[in-house]
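Only one structure is covered here, and it is reproduced in the block below.
Please treat every number below as a calculation from the coordinates, not as lab data. Model, not experiment: these values are computed from the prediction. FYI the Cβ positions are ideal-geometry reconstructions off the backbone, even for glycines, and counts take in every protein chain you see.
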Amino acid sequence: MAKISFFEKIKNGLTKTRNALTKNLDNLIFGRRVLDKELFDELEELLISADMGPQFTCDLIDDVKQRVSRNELQNAQEIKKILQERMIAILQKMEKPLSIPKGKPFIIMTIGVNGSGKTTTIGKLANSLKSDGYEVMLVAADTFRAAAVEQLEVWGQRVGAPVIKQKTNADPAAVVFDAMAKIKAGYSGVVIVDTAGRLHTSVNLMEELKKIKRIINKEMPELSPEILLILDATTGQNAVVQAKTFKEEIGATGIVLTKLDGTSKGGVVVRIASELALPVRYIGVGEGLDDLRVFDSGNFTKALLD
């Protein structure tokens, strides 16, 4: 069986979003030549329901109206092209893959709510980095659930990465301190820290994340850790609320959007990019080990709208 291409994998993963957005858009504009208020109202409803966000939707419709007033738009079919142009313009700004040096220590601290796919994402990321020739070490700083440590250990064994851990209910910051000691002793690979999934509204748990970040900054001030926020795309606009809080409270520096293959709300990546100005580092488009992909705005937009 022929190996599926990089682009086809993304396209297949975005099927539900593409069906919800593109097919509905095609149905909306098919055969219509009159660009009137009714069309604009229906277009607004469609984009909002796809979780594109009110700001993006408003800007797009204003753009269409201005082009109509200048006689630059002849029929409704051209709306799709404008949508694609505006999406690419926003997403290109947020297309900033992680730059990880080889032969030097690099720290990735993963954060996010329960059920976002954090530990699975860590495993896939570790596998990808190992495939690219990096040395990888995992840190089990989710000490409240024994199952979380066990899950991380399974991933460690699967991809060939050692796991730093302590006993259940140990201070998560103490586990991270142990990992920093490894770096001080000469470890020069990638360190991926798993933290407990938490509600973005939980003050105590957010303080714990801040403590972990302080330990990293205190022990290794010369390193600037990547604070990678794992977001579940199926939660739609709730993911935007989470991202805002984690950015403000913890200083998230990048995003992984998971479970894009299981949702019709993939348009939320546009809203996150336009409202939060946080780079989208990776997207998850399936259950397989190689289904965590570096975000590419061109491929994403093409897979969604072509």
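Checking the Cα-Cα distances for LYS130/LYS184; LYS102/LYS130; LYS23/LYS265; LYS9/LYS124; LYS184/LYS218; LYS16/LYS244 against a 18 Å cut-off, the pairs over it are LYS130/LYS184; LYS16/LYS244.
The spacing between the stretch 168-194 and the stretch 38-86, judged by their C-alpha centroids, is 49 Å. The amide H of THR195, built 1.01 Å from its N in the peptide plane, has THR110 as neighbours under 5 Å, considering only residues 5 or more places off or on other chains.
When only the Cβ of Lys, Arg, Asp and Glu is charged (+1, +1, -1, -1), the dipole of the chain relative to its Cα centre reaches about 560 debye. Going from the residue with the fewest nearby Cβ atoms within 10 Å to the one with the most, LYS213, LYS118, LYS302 rank LYS302, LYS213, LYS118. Across the stretch 101-113, coupling constants 3J(HN,Hα) worked out from phi with the 6.51/-1.76/1.60 Karplus curve, θ = phi - 60°, read x, 9, x, 9, x, 9, 10, 10, 9, 9, 9, x, 7 Hz, and Gly and Pro carry x.
Candidates ALA179, SER69, SER5 compared by Cα position along the dipole of the chain: farthest toward the positive end lies ALA179, with charges placed on Cβ. For the stretch 60-125, applying the loop criterion from DSSP together with a ceiling of 15 other beta carbons within 10 Å to the GluC sites (Glu not before Pro) yields GLU72.
With only the Cα atoms considered, the stretch 162-306 has a convex hull volume of 139 Å³ per residue. For the stretch 220-271, the Cα gyration tensor yields ellipsoid semi-axes of 24, 12, 7 Å (square root of five times each eigenvalue, largest first, whole Å). When the convex hull of its Cα atoms is viewed from all sides, the stretch 1-139 shows a mean projected area of 12.6 nm². The value of relative contact order for the chain, using C-alpha pairs under 8 Å at least six residues apart, is 28 percent.
In this structure, LYS182 and ARG158 have a Cβ-Cβ separation that, at R0 = 22 Å, corresponds to a calculated FRET efficiency of about 0.60. Computed 3J(HN,Hα) for the stretch 137-151, one whole-Hz value per residue from the Karplus formula 6.51 cos²θ - 1.76 cosθ + 1.60 where θ = phi - 60°, is 10, 9, 10, 8, 8, 8, 8, 7, 10, 4, 5, 5, 5, 4, 4, glycine and proline marked x.
Globularity index of the stretch 21-66 is 1.08 (Cα radius of gyration / 2.2 N^0.38 Å, N = number of residues). For the chain, a Gaussian network of Cα nodes joined below 10 Å ranks ALA252, ALA76, ALA273 by mean-square fluctuation, and the top entry is ALA76. Cross-link reach is defined here as a Cα-Cα straight distance under 16 Å, omitting same-chain residues fewer than 8 places apart; for LYS210 the aspartates and glutamates meeting it are ASP142, ASP171, ASP194, GLU219, GLU226, GLU248, GLU249.
Against the compact-protein benchmark of 2.2 N^0.38 Å, the Cα-based radius of gyration of the chain scales to 1.09. For trypsin sites (Lys or Arg not before Pro), the sites in the stretch 35-90 that DSSP calls loop and that have at most 12 other Cβ atoms within 10 Å are ARG70.
Sparse packing (at most 12 other Cβ atoms within 10 Å of the Cβ) combined with a DSSP loop state is found for the following GluC sites (Glu not before Pro) in the stretch 247-291: GLU287. In the chain, the calculated helix contribution to ellipticity at 222 nm averages -15500 deg cm²/dmol per residue, counting -39,500 (n - 2.57) for every DSSP H run with n ≥ 4. Remark on ILE107: its backbone amide H falls under 5 Å from those of VAL191, GLU226, a criterion applied only to residues 5 or more positions apart or on other chains, H modelled at 1.01 Å from N. Close amide H contacts of VAL136 (hydrogens built in the peptide plane, cut-off under 5 Å, sequence separation of 5 or more or a different chain): VAL190.
Residue by residue, the stretch 257-266 carries 3J(HN,Hα) couplings of 9, 9, 6, 5, 6, x, 9, 9, 9, x Hz when phi is fed to the Karplus relation 6.51 cos²θ - 1.76 cosθ + 1.60 (θ = phi - 60°); x denotes Gly or Pro.
Once C-alpha pairs closer than 8 Å and six or more residues apart are averaged by separation and normalised to the residue number of the stretch 159-228, the relative contact order reads 35 percent. Working from the Cα coordinates of the stretch 199-249, the gyration tensor eigenvalues give, after taking √(5λ), semi-axes of 24, 13, 7 Å in decreasing order.
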